[in-house]
Number of protein chains: 2
Amino acid sequence: MVHIISKKSVSFIGQSLAAKIDEQLFSKYGFKVEQLMELAGLASAQAIAAHYPKSKVAVLCGPGNNGGDGFVCARHLQQFGFNPSIVYPKESKNELMKSLVIQCETSSIPVQPNLPTDLQSFPLIVDALFGFSFKPPAREPFTEILKAVRASGIHVFSIDIPSGWDVENGAPSEASEDIIHPHAVISLTLPKMCMKSWTGPHFLGGRFVPRGLVEEHGLQMPVYPGFEQIVKVED
Amino acid sequence: MVHIISKKSVSFIGQSLAAKIDEQLFSKYGFKVEQLMELAGLASAQAIAAHYPKSKVAVLCGPGNNGGDGFVCARHLQQFGFNPSIVYPKESKNELMKSLVIQCETSSIPVQPNLPTDLQSFPLIVDALFGFSFKPPAREPFTEILKAVRASGIHVFSIDIPSGWDVENGAPSEASEDIIHPHAVISLTLPKMCMKSWTGPHFLGGRFVPRGLVEEHGLQMPVYPGFEQIVKVED
């Protein structure tokens, strides 16, 4: 059971504030990317395990930190009894991303650049392609993947931002074929503006924001119960 | 509610196997210390929040990775509504340890080398001084702190190994004054041999060990329910 909070009880933030918070977590507040990515990926996996039955799951990972969250999420999903496969279309030269590939591959989680040929046998796709720093439109090799995912009709769970969406204005159009039309979303730290009108299943994770940062920006943070790492956001 | 498992359902490991597993997680399986420390500290904080009411808590951190787990634990305890203060008697020059100090200090968690002068006002102490690589006896400045903690009679929660214990043979003597006599313990990854005859509250965390490593060493791992990060071990 995931605790439910009201949409009205948390701040929805824009792209520049999201970037500022991210920057300050690593500079002023001394966090390491590895630490917060681990918590973000864990929260994402917990939301998926809370919402979907155990199954095969294709995890689409971009080359940036959103993709890193996806790798970590896949690792935890395996611990939770899911059977993840990673789709990693554009390899990053970043040291941490290389480690994440090794962690998954040595845990028998396949990492491949293309969508699985048996995609239709996957009941669930996790979208960790682009995060809050994305500016549309998506480019190749991602456009082709986004179109194939859309055409597949498979349920998609998006991490932080549904890929291809404008972080503040949301989906360009209901009919767009080169963006993700998610079934459920987990927002990290705080929901972004694009989630304001979202009415589907919506989780929130990222229980790590220091008080000083909350006060500095006057943020309305979610109240998490007990020692939980996720909540569900409803109207 | 924390799920309970039987002591008979998990392996108890010795010091050299614990060191070997640790080494392989970072070499062969590509993990970063920051990732596993974050999960270890989170699991420790969750066990504390599951077992004790919210309160002031003094977290004793050694200069090694066990101390790092303590810093991370303190950070999460604050998120869970506890009021932590860190006692860090011997500063490490390690880059990650320096970051952990900054993370705590910028979150208004005091970090000081000595026990608080008002120690008696703390209902709980967390012991993250020495981990599985410790070989007795403890030395200064730790001996003095261990004696003061013993004399205080305050409940102590130990992370991985009660400090001052022999990892395989346990407490040198019930009467020893320069070791921790814990009220409760969380073992990380798997319990160490010294915990075999322990009958007090015993938690287990570290839901991150890859299958390959489990199989290579024939380990009997705990079965965690759902997406939980801790279980409780009973007879």
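Every read-out reported here was derived from the displayed coordinates using simple, explicitly stated rules and does not represent laboratory data. Computed from a predicted model, the values in this text were never measured in an experiment. Glycine gets a Cβ as well: all are built from the backbone with ideal geometry, and neighbour counts include every protein chain shown.
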query = Condition test on A:Val87, is it in contact with a strand residue (DSSP E or B) (Cβ under 6 Å, 6 or more places away or on another chain), surrounded by fewer than 22 Cβ atoms within 10 Å (Cβ to Cβ) and in contact (Cβ under 8 Å) with a residue 24 or more places away in the chain?
reply = no
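Each row is one residue, and each column tells you yes or no for (1) more than 12 Å from every other protein chain (Cβ to nearest Cβ); (2) farther than 24 Å from B:Gly200 by Cβ.
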site	(1), (2)
B:Gln24	no, yes
B:Ala43	no, no
B:Lys54	no, no
B:Ala58	yes, no
B:Gln79	no, yes
request  = Being free of Cβ contacts under 8 Å to residues at least 24 places away in the same chain and not small (Gly, Ala, Ser) is the filter; apply it to the range A:95-105 and report the residue that is nearest to the other protein chains (Cβ to nearest Cβ).
outcome  = A:Ile102
key: Every residue from the range B:68-84 that is within 22 Å of B:Pro141 (Cα to Cα) and out of contact with any strand residue (DSSP E or B) (no Cβ under 6 Å at 6 or more places or on another chain)   = B:Gly68
note = Scanning the range B:26-40 for residues that are more than 7 Å from chain A (Cβ to nearest Cβ), closer than 17 Å to B:Ser187 by Cα and touching a residue at least 60 places away in the same chain (Cβ under 8 Å) gives B:Leu36, B:Ala40
message = Looking only at the range A:201-234, how many residues end up being away from every other protein chain (no Cβ under 14 Å) and within 19 Å of A:Gln24 (Cβ to Cβ)?
response = 4
ask   = Residues B:Phe82, B:Phe122: which one is under 28 Å from A:Pro222 (Cα atoms), surrounded by fewer than 24 Cβ atoms within 10 Å (Cβ to Cβ) and touching a residue at least 24 places away in the same chain (Cβ under 8 Å)?
value = B:Phe82
Identity of the residue in the range A:69-79, surrounded by 22 or more Cβ atoms within 10 Å (Cβ to Cβ) and not hydrophobic (A, V, I, L, M, F, W, C), that ends up nearest to A:Leu129 (Cα to Cα) = A:Gly70
task = Report, by residue number, each residue of the range A:46-67 that is more than 22 Å from A:Thr143 (Cβ to Cβ) and either in contact with a His (Cβ under 8 Å, 6 or more places away or on another chain) or assigned to a helix (DSSP H, G or I) (or both).
result = A:Gln46, A:Ala47, A:Ile48, A:Ala49, A:Ala50, A:His51, A:Tyr52
query = Just checking, how many residues over the range A:111-123 are of a type outside the set (S, T, N, Q), outside any loop (DSSP other than H, G, I, E, B) and more than 14 Å from every other protein chain (Cβ to nearest Cβ)?
reply = 1
note = All-but-one check, A:Ser108 against (1) within 12 Å of another protein chain (Cβ to nearest Cβ); (2) surrounded by 14 or more Cβ atoms within 10 Å (Cβ to Cβ); (3) small (Gly, Ala, Ser), failing number (2)
key: Test set (1) away from chain A (no Cβ under 11 Å); (2) surrounded by 24 or more Cβ atoms within 10 Å (Cβ to Cβ); (3) touching a residue at least 40 places away in the same chain (Cβ under 8 Å) - B:Asn65 fails condition number   = (2)
